[in-house]
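Notes for the one structure printed next.
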Amino acid sequence: MTSSFKTAMLLAALTALFVGFGFLLGGKGGMVIAFLLALGMNAFAYWNSADMVLNSQGAREVDAASAPEFYGLVRDLAKRAGLPMPRVFLIDGDQPNAFATGRDPEHAAVAATTGLLRMLSREEVAGVIGHELGHVKNRDILIMTVTATIAGAISMIANLGFFFGGGERDEEGNGGLGIVGSILMMILAPLAASLVQMAISRTREYEADRLGAEICGQPRWLADALVHIHEGAERIANPAADAHPATAHLFIMNPLHGGGLAAMFSTHPATEERVRRLLAMRGAAAARSSVPPSGRAAPRGPWG
């Protein structure tokens, strides 16, 4: 199944859900309006969703002059992966995390938090960026980014329906949301989040881990990075991600805190299993090499 087909199927499902909300809010007329809005929103999301996601996280673009070490690392890894140079962003935040976005490799962006650069070694950061470039190489970024944008819009519409819906429909199927519709809206709002969770399969993360290990050249670098990111993400909140939970699946590690909605958007595989698979790759690589893998831990602080 091609990436384009997966994207089309996902957009069709999300559009149908959006149109369903329109019917609950305004009957047949609301359904037609929602359908027209969905068409426009899908087109807008395709071209602008990456910038919307980056803006929602407070990301700022950097270059070789403003962040020479980090920019140079991304440039070297992109060249190693055979990819065009992506735009590079930093997010001012203490939680160590990163994500990639964009509609294709020619319009990709890679973003990392300043906490990631402070807490991880240069080798571990290389593993993380390799993982994100793996998503770019697999063309995961379009479906992940558009999903985040549309799911966020669906959740917003659901909340509006709950707070402002009311009244009864007439015989033509027009009218307010009604009590039953309000209850359905409360049920369908988390369903929209669940749809995102199902659409962004865990297989994508495993495959990006595998490609990331190949791109950076050392599976152990990414394995160590995942352990440290997991520990940091559990301790340190990410307010921007908490405010926009539909973007959680973009990150290399779930950035959300707390239960309920955070658990609903837990699209990431267990860190232990990801590390196990990466270390198995390392063992296989070591078995093919005459040079034994180093067991020395890299020092903290990538730019020191």
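Where a number appears in this text, it was derived from the coordinates with a stated rule and is not lab data. Keep in mind that what you see is a predicted model, and the values were worked out from it rather than measured. Neighbour counts are summed over all protein chains in view; Cβ atoms, including those assigned to glycine, are modelled from backbone coordinates with ideal geometry.
For the reader, a short list of remarks on this structure follows.
- For segment 53-123, the calculated P(r) over all alpha carbon pairs, in 5 Å bins from 0 to the bin holding the longest distance, is 3, 17, 28, 28, 18, 6, 0 percent.
- The peptide list 18-24, 54-60, 125-131, 33-39, put in order of mean Cβ contacts within 10 Å with the highest first, becomes 125-131, 18-24, 54-60, 33-39.
- On the beta carbon distance between Thr203 and Phe35, with R0 = 35 Å, the FRET formula returns roughly 0.65.
- With the alpha-carbon atoms of segment 76-115 aligned to their principal axes, the span from lowest to highest coordinate is 31, 21, 11 Å, starting with the largest.
- Quarter of the Cα convex hull surface for segment 1-103, i.e. its orientation-mean projected area (nm²): 9.2
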